[in-house]
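The next block holds one structure in the form of structure tokens; read it before the comments.
The values are calculated or read from the model by the stated rules, or taken from the named source; none is laboratory data. This one's a predicted model, so the numbers in the text were calculated from it and none came from an experiment. So basically every Cβ, Gly included, is an ideal-geometry build from the backbone, and we count neighbours across all protein chains shown.
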Amino acid sequence: MVKIGFGSSIVNPPVGSSLVGYFENRISKGIKDDLYARCICFDDGERIFFAVSADFCWVEQALYEKLKNMISEKLCIKNFGLVVHATHTHTGPLTGYNDTIIYTEGFSVDPEYIKKLPSLFFNAVEQSYKARRDVSLGFGSINVPGISFIRRYKMKNGMVITNPVDRSQILEPSGSFDDTLNLMKVQDKNGRLFCIVINFPLHPDTVGGELISGDWPGILVSRITKYLGCNAIFFNGAAGDINHINPYDKNTRSSEIVERIVGTLFENIKSMQENIECSPAKHILFSEDKFKMPKRKITQEQIEQAKEFVKKYPSNNLRAIVGRSLLKQAEIKTNFLDNNVALLTIDRDMAAFFTSGEIFSSIGLKIKNLMDFKHKWVIENCNGHLGYIPDEKAFLAAEENKKIKEEFPDVSVFESIGMETSYETSPISCKLAPEAEQILISQFQELLRKHTACLG
């Protein structure tokens, strides 16, 4: 039978550290709410799987690798699986430097804090491992409308724009949309509520400002812990093109919006868990894979445009920063980037697919449609930072944008800023080639075949 344990560790950066999520460098001035690394451990007697969720914008692959080594050495476990997920809060710290100066030039990272992170994460893992107990599980899902929106729109002029400023020109949303709230309820052997595991797709970018915060996922988990008296852990779904912004509402960040999201989800979770029946689970299966994703090619035209931006604008101007970052990326000659994926199944009841990157809702839905399980979870931003993984349709739209907006001769670099353009496919936001979608889906299908064969 499956045993489950839970652990958590506060992972606040020093006040004065840079916050990530926007292009400008925001220096943190205090702590609005604590950041956590939380871990849930699954153990069926043969296999152990750790799922960590951290209140960060992303986690670096190096952190995942270090944590995996620590688990093996300190807990003396050989046959285990691990995913490290970032909820994607936009008011969290850098967890290391990546290959773009957008988030390095002028940004503050405390080296001692970065060094401590694997140990802080391990504290949560170790707690969960030692806290394993006999449990019963139950699952539920429900659609929750009205708090999340597709953020890409087809305009009357034919362009597809992310978060358009001129709402009067919107023709229709561009892309598929998933607003499914998934829940796993865990009870101890005495029938007491032990833990709630949440999966919902929505960008955590509602708080803003210069205070450290886990944004709405962190606030939601705290509320569940306080009012339901149990542990809780959140995993973000396929939210690459989903955020909280109603295009017809100019109020994009406020305490009112945070409360609307947290309050709506909390009430749904509260009522759902009351109606979920739990029973012991027999087996878990997990598969992990690391494979190559094709990197996009930066064209000579884009390089020349970037050079012009660097030459034309002051060094602290966003266009100049974007230009320098693009030139730095062009110097990196690798043609592929690593993606770490994993698949967890619990009997025939639930399947959860974990991947790096911010994947589009349409890709998440395609993956769900391939799952022959009662409950289907897709979880992004795991085990490394890949940036956006748009669908092929989005890349085609970006090409059309360039043809339509001829009055912007430097549109391919300008769109890197995300103004009046297809932000998610810009060279700064997206490092992958258009075929990345199909490769990701194919890799998922391979993991799924392994599980299906084992389950019979």
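Observations on the structure shown:
- The lone exception for SER254 - which of (1) in contact with an Asp or Glu (Cβ under 8 Å, 6 or more places away or on another chain); (2) over 30 Å from THR452 (Cα atoms) it fails: (1)
- Of everything in segment 157-181 that is in contact with a Pro (Cβ under 8 Å, 6 or more places away or on another chain) and among the acidic types (Asp, Glu), the residue that is nearest to SER361 (Cα to Cα) is ASP178.
- Scanning segment 225-261 for residues that are within 23 Å of ASN143 (Cα to Cα), in a loop (DSSP other than H, G, I, E, B) and either at pLDDT 90 or above or under 18 Å from the mean Cα position of the chain (by Cα) (or both) turns up GLY237, ALA238, ALA239, GLY240, ASP241, HIS244, ILE245.
- Any hit, segment 364-375, residues being assigned by TED's automatic domain parsing to the domain that holds PHE177, crowded, with 24+ Cβ neighbours inside 10 Å and at pLDDT 90 or above: yes
- Note on segment 294-335: among residues that are hydrophobic (A, V, I, L, M, F, W, C) and more than 13 Å from PRO427 (Cβ to Cβ), the one that is surrounded by the most Cβ atoms within 10 Å (Cβ to Cβ) is ILE321.
- Any chance VAL186 is under 22 Å from the mean Cα position of the chain (by Cα) and hydrophobic (A, V, I, L, M, F, W, C): no
- With respect to the conditions (1) over 26 Å from VAL20 (Cα atoms); (2) at pLDDT 95 or above, PRO409 falls short on a single one, namely (2).
- Pairing residues of segment 164-176 that are assigned by TED's automatic domain parsing to the domain that holds LYS154 with residues that are surrounded by fewer than 16 Cβ atoms within 10 Å (Cβ to Cβ) and basic (Lys, Arg), at Cβ distances under 6 Å and at least 6 apart in sequence or on separate chains, gives GLN169/LYS156; LEU171/LYS156.
- Any hit, segment 238-253, residues being of a type in the set (Gly, Ala, Ser) and either surrounded by fewer than 16 Cβ atoms within 10 Å (Cβ to Cβ) or not assigned by TED's automatic domain parsing to the domain that holds ILE161 (or both): no
- Residue that is surrounded by the fewest Cβ atoms within 10 Å (Cβ to Cβ), among those in segment 126-153 that are within 24 Å of the chain's Cα centre (by Cα) and among the hydroxyl-bearing types (Ser, Thr, Tyr): SER141
- Any hit, segment 47-69, residues being farther than 30 Å from GLU331 by Cα, free of Cβ contacts under 8 Å to residues at least 12 places away in the same chain and over 19 Å from the mean Cα position of the chain (by Cα): yes
- Which numbered condition LEU326 fails, given (1) over 22 Å from CYS41 (Cα atoms); (2) in a strand (DSSP E or B): (2)
- Complete set of residues in segment 15-49 that are touching a helix residue (DSSP H, G or I) at 6+ places or on another chain (Cβ under 8 Å), crowded, with 21+ Cβ neighbours inside 10 Å and under 13 Å from GLY208 (Cα atoms): VAL20
- Filtered by the rule that a residue be surrounded by 24 or more Cβ atoms within 10 Å (Cβ to Cβ) and either not in a loop (DSSP other than H, G, I, E, B) or not assigned by TED's automatic domain parsing to the domain that holds ALA352 (or both), segment 50-62 gives PHE50, ALA51, VAL52, SER53, ALA54.
- Set LEU220, LEU181, LEU171, LEU202: member being in a strand (DSSP E or B) and closer than 17 Å to HIS244 by Cβ: LEU181
- Residue among SER72, SER119 that alone is in contact (Cβ under 8 Å) with a residue 24 or more places away in the chain and hydroxyl-bearing (Ser, Thr, Tyr): SER119
- Residues located in segment 10-42, provided they are in a strand (DSSP E or B), farther than 19 Å from ILE196 by Cβ and modelled with pLDDT of 95 or more: ILE10, GLY30, ILE31
- Being on the phi < 0 side of the Ramachandran plot and in a loop (DSSP other than H, G, I, E, B) is a property that SER362 lacks.
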